[in-house]
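Working notes, beginning with the structure itself.
Computed from the coordinates by the stated procedures, all read-outs in this text should not be read as laboratory data. Bear in mind the structure is a predicted one, so any value in this text is a computation, not a measurement. Cβ: placed from backbone, ideal geometry, glycine included. Neighbour counts: every protein chain shown.
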Amino acid sequence: MQRTWSRSRRGSTAVEFALTLPMLVMTSLAVIQLGWFLVERQRFVHGSYETARFAASASGTEAPTDTQVATQAAFIFESMGIPTEGLQVAVSRYTDGVDPVVTVSVSLPVHSLGDAVTLPATHSQQFTLVERES
């Protein structure tokens, strides 16, 4: 007696599912990690901008010191729920014609959820603003 194909294919759906499940799970984890990275990156850019605004809040002798700017940056990032280990803030001031200008560079190590996606090692952002007159 000959076997029919329908009988010999029994369980093939379960085998196909078992073969594709790891790829589906890895793809899902990669999408979640990438989404987390993009959200963290956006929060980092916003925090960096707020730090630059603080640094440009006054000019001359009333301008915040570099230490005050770094302290404010740590406060801003902590209030946003971003860990501040490894936070680096650099402030430079110069005059462009008659306008006092401040440039704030901020970098922070990336905090990833796992290794499903290769991400950059650090976030880095730089803003240049004209200081406000008091």
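What is the angle, in °, between the Cα long axis of helix 66-79 and the longest principal axis of the Cα atoms in the chain? Nearest 10 is fine, range 0 to 90. It is inclined by approximately 30 degrees.
Among the listed options (i) 1.30; (ii) 1.07; (iii) 1.81, the one matching Cα Rg over 2.2 N^0.38 Å as calculated from these coordinates is (iii).
Each peptide among 69-81, 13-25 gets the average number of other Cβ atoms lying within 10 Å of its residues, and from highest to lowest they stand as 69-81, 13-25.
Net charge in the neighbourhood of V89 (other residues with Cβ under 14 Å of its Cβ; Lys, Arg +1, Asp, Glu -1) is -2. As a calculated quantity, the FRET efficiency between T20 and F75 at R0 = 41 Å, using C-beta atoms, amounts to about 0.30.
Quick check: the angle from helix 12-55's long axis to the longest principal axis of the chain, C-alpha only, nearest 10 degrees? With rounding to tens, the tilt is 0 degrees.
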